[in-house]
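**Student:** Could you have a look at this structure, given as structure tokens, before my questions?
The values are calculated or read from the model by the stated rules, or taken from the named source; none is laboratory data. These figures come from a predicted structure and were not determined experimentally. Using ideal geometry, Cβ is built from the backbone for each residue, glycine included, and neighbour counts are taken over all protein chains shown.
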Amino acid sequence: MSATNLVRAYTKLCHNTWKGENMKTQQLGTSEVKDASAVALGVMRISEKSADEAIQVVNAALEAGINFFDTADIYGAGKSSTVFGQALKDAQVNREDIYLQSKGGIILPDGQINGDGLKGPRFDFSKDHLIASVDIELERLQTEYLDFFLLHRPDVLMEVDEIAEAFSELKASGKVRNFGVSNFTPLQIQLLQQATDQRLEVNQLQFGLGHADMISETLLLNMGEERSIERTFDSLTFAQLNKITIQAWSPFQYGMFEGVFVDSPKFGKLNDTLQALADKYGVTKNGIAVAWINRHPAGIQTIIGSMNPTRIKEMSDIDSVNLTKQEWYDLYLAAGNILP
Ligand SMILES: NC(=O)c1ccc[n+]([C@@H]2O[C@H](COP(=O)([O-])OP(=O)(O)OC[C@H]3O[C@@H](n4cnc5c(N)ncnc54)[C@H](OP(=O)(O)O)[C@@H]3O)[C@@H](O)[C@H]2O)c1
């Protein structure tokens, strides 16, 4: 039996002994999607994996109870969605059992990535480009529809009526069921929302113990501290008020460039606090870091990006973790934040 056939046989076995029944689920925005896994898998890094490794990643996610997957037309210069789409097929995943989300609107310098050969670098929310982005992603993912399509990063030259037209066509054609944005300010969301009939259900933003500006800017309001600088324009409260789900990207990275904080000697106090709680709840430090995000009442969905099957399962194992308010604040402080 070839290696791929072995992986397929294992896949069948896994699907028959489906675990992950303890995964927390949640509604996304006000959409019809009421049972998305609270931990989602982002496949930005899957382009580096072999076909067999990609199948193992998909299987690990499914076994952990993950039913929601995030990609984008630019990930791996387009290869991520292709590798992932093939892995879904090889793993014989039933399309109706999962939710697929992709993002578009970034044009990389090289062209040919987003389906229409445009060359950047720039952001581009023109109607033709958004439709081309969805079309290429459907092809790569080998599917007829996306459950969610997000505008990846704000195009400051966006003409909201044009985006509204693109959304209407994508919805009417059945290619996209729900819409959202990523890295948008609250005012940008309002600007677009008043132009389109399609509800913006999610805003994907970097968030986690290593990147908690959404919290610190509100906690330290008016304090003259570095961490009181308003960087997200209170995106979290805005999302709560408007029933928009925040999706936390890069949950284990410290800032944009410092790398993973889990197990890093640069973040000793944070790791000690994570370890003590991991011991208490019988999970890993990654699991506690996800539980910290999940503990916020806004109902934030965490998008993990691990391509390690064991870690994927450990990170998703948060059902038994009920952080007390004190534990939540202890973690926040251990990450280098302050209280007023
Ligand atoms: N909207 C946006 O602008 C935007 C931007 C970036 C990302 N995203 C989305 O968010 C998803 C997640 O982003 P991300 O991959 O940066 O998230 P992440 O989960 O914070 O980081 C994943 C990386 O951290 C490593 N890692 C995690 N825990 C570790 C540990 N304990 N020790 C050592 N390494 C560890 C993983 O390695 P292993 O694979 O070995 O576990 C992997 O390389 C992406 O796939 C994408 O879907 C969105």
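**Student:** Can you name the residue in the stretch 281-305 that is assigned to a loop (DSSP other than H, G, I, E, B) and without any contact (Cβ under 8 Å) to a residue 40 or more places away in the chain and is also farthest from the chain's Cα centre (by Cα) among such residues?
**Tutor:** Restricting to residues being assigned to a loop (DSSP other than H, G, I, E, B) and without any contact (Cβ under 8 Å) to a residue 40 or more places away in the chain, the top hit is Gly282.
**Student:** Right, next: Can you name the residue in the stretch 263-303 that is within 14 Å of the ligand (Cβ to nearest atom) and of a type in the set (D, E, K, R) and is also surrounded by the fewest Cβ atoms within 10 Å (Cβ to Cβ) among such residues?
**Tutor:** Per the stated criteria, the residue is Lys266.
**Student:** Kindly indicate which of Phe233, Phe267, Phe257, Phe238 is outside any loop (DSSP other than H, G, I, E, B), more than 13 Å from Asn337 (Cα to Cα) and aromatic (Phe, Trp, Tyr).
**Tutor:** On inspection, the qualifying residue turns out to be Phe238.
**Student:** Would you check which residues across the stretch 166-184 are without any contact (Cβ under 8 Å) to a residue 60 or more places away in the chain and buried (at least 18 other Cβ atoms within 10 Å of the Cβ) and list them?
**Tutor:** Ala166, Phe167, Leu170, Lys175, Val176, Phe179, Val181, Asn183, Phe184
**Student:** Take Ile66 and tell me if it is part of a loop (DSSP other than H, G, I, E, B), more than 12 Å from the ligand (Cβ to nearest atom) and at pLDDT 95 or above.
**Tutor:** The answer is yes for Ile66.
**Student:** Okay, moving on. Which residues, taken from the stretch 315-333, are surrounded by fewer than 19 Cβ atoms within 10 Å (Cβ to Cβ) and assigned to a helix (DSSP H, G or I)?
**Tutor:** If the condition is that a residue be surrounded by fewer than 19 Cβ atoms within 10 Å (Cβ to Cβ) and assigned to a helix (DSSP H, G or I), then Lys325, Gln326, Trp328, Tyr329, Asp330, Leu333 are the ones that fit.
**Student:** Hey, another quick one. Out of all the residues in the stretch 110-127, which are under 20 Å from Thr82 (Cβ atoms) and under 24 Å from the mean Cα position of the chain (by Cα)?
**Tutor:** Those that are under 20 Å from Thr82 (Cβ atoms) and under 24 Å from the mean Cα position of the chain (by Cα): Ile113, Asn114, Gly115.
**Student:** Sort out which residues of the stretch 43-58 are of a type outside the set (Gly, Ala, Ser) and within 15 Å of the ligand (Cβ to nearest atom), and write them in order of number.
**Tutor:** Val43, Met44, Arg45, Ile46, Glu48, Lys49, Glu53, Gln56, Val57, Val58
**Student:** Given the conditions (1) over 23 Å from Ala40 (Cβ atoms); (2) at pLDDT 95 or above; (3) surrounded by 14 or more Cβ atoms within 10 Å (Cβ to Cβ), and given that Leu219 satisfies all but one, which numbered condition is not satisfied?
**Tutor:** Leu219 satisfies all of (1) over 23 Å from Ala40 (Cβ atoms); (2) at pLDDT 95 or above; (3) surrounded by 14 or more Cβ atoms within 10 Å (Cβ to Cβ) except (2).
**Student:** Wholly within the stretch 123-227, which strands (runs of 3 or more DSSP E) include no fewer than the required count, namely at least 1 residues that are more than 16 Å from the ligand (Cβ to nearest atom) and of a type in the set (A, V, I, L, M, F, W, C)?
**Tutor:** 176-182
**Student:** So, one more: Specify which of the listed residues (Lys12, Lys89) is of a type in the set (Lys, Arg), away from the ligand (no atom under 16 Å from the Cβ), at pLDDT 95 or above and surrounded by fewer than 16 Cβ atoms within 10 Å (Cβ to Cβ).
**Tutor:** Lys89
For every residue, the table says whether it meets (1) in contact with a strand residue (DSSP E or B) (Cβ under 6 Å, 6 or more places away or on another chain); (2) surrounded by fewer than 16 Cβ atoms within 10 Å (Cβ to Cβ).
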{"position": "Glu201", "(1), (2)": "yes, no"}
{"position": "His211", "(1), (2)": "no, no"}
{"position": "Met223", "(1), (2)": "no, yes"}
{"position": "Ile229", "(1), (2)": "no, yes"}
{"position": "Phe233", "(1), (2)": "no, yes"}
{"position": "Met256", "(1), (2)": "no, yes"}
{"position": "Phe261", "(1), (2)": "no, no"}
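**Student:** Within the stretch 44-58, how many residues are within 25 Å of Trp292 (Cα to Cα) and either touching a Lys or Arg at 6+ places or on another chain (Cβ under 9 Å) or of a type outside the set (A, V, I, L, M) (or both)?
**Tutor:** Qualifying residue count, the stretch 44-58: 2.
**Student:** If you scan the stretch 240-253, which residues turn out to be within 11 Å of the ligand (Cβ to nearest atom) and either at pLDDT below 95 or among the hydrophobic types (A, V, I, L, M, F, W, C) (or both)?
**Tutor:** Within the stretch 240-253, Ala248, Trp249, Phe252 qualify.
**Student:** Another question, then. Determine, yes or no, whether Phe252 is within 17 Å of the chain's Cα centre (by Cα), under 20 Å from Gln206 (Cα atoms) and not basic (Lys, Arg).
**Tutor:** When the stated conditions are applied, Phe252 passes them.
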